[in-house]
Amino acid sequence: MANAYSIKDQYAQHFVTFTVHQWVDVFSRKEYADIFLESIRFCQKEKGLLVYAWVIMTNHVHMVIGSNKVKLSDIIRDLKKYTSKQIFQAIENNPYESRKNPSVLSVTSPCTSVVKNGTVTR
């Protein structure tokens, strides 16, 4: 499913928000936030992701990011795809996880908003 938002300048700084499907409080558990942070570190090292600021909330993440190597939209696509699969797998494999409801685990696509110069780009 194509996202309505697009990044026009692939190497500029952008404010992005990643939201969890159905606003589930996934990042309230440290192990799931750590999966996200590991993915960010990988993208920084291997793909040239530049992270200027970030905050992880219980059900979404805000970041100011850019890139000096790979197109930012490609980094975001790969980051969301890989990270969501890893978090889903961790939830399924966690015997103490109470959020194994099939509707919670049936995500079609995480949502991303991209803002440049104070306006949302489409």
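A few notes on this one:
- Candidate set from the stretch 39-80 (those that are out of contact with any helix residue (DSSP H, G or I) (no Cβ under 7 Å at 6 or more places or on another chain) and charged (D, E, K, R)); member that is nearest to residue 11 (Cα to Cα): 71
- Residue check, residue 107 modelled with pLDDT under 85, surrounded by fewer than 17 Cβ atoms within 10 Å (Cβ to Cβ), touching a Phe, Trp or Tyr at 6+ places or on another chain (Cβ under 8 Å) and farther than 14 Å from residue 20 by Cα: no
- Filter result (more than 22 Å from residue 69 (Cα to Cα) and either touching a strand residue (DSSP E or B) at 6+ places or on another chain (Cβ under 7 Å) or hydrophobic (A, V, I, L, M, F, W, C) (or both)) within the stretch 15-50: 19, 20, 23, 24, 26, 27, 33, 35
The values are calculated or read from the model by the stated rules, or taken from the named source; none is laboratory data. Bear in mind that the values here come from a model prediction, so they are computed numbers and not experimental data. Virtual Cβ from ideal backbone geometry, glycine too; neighbours counted across all protein chains shown.
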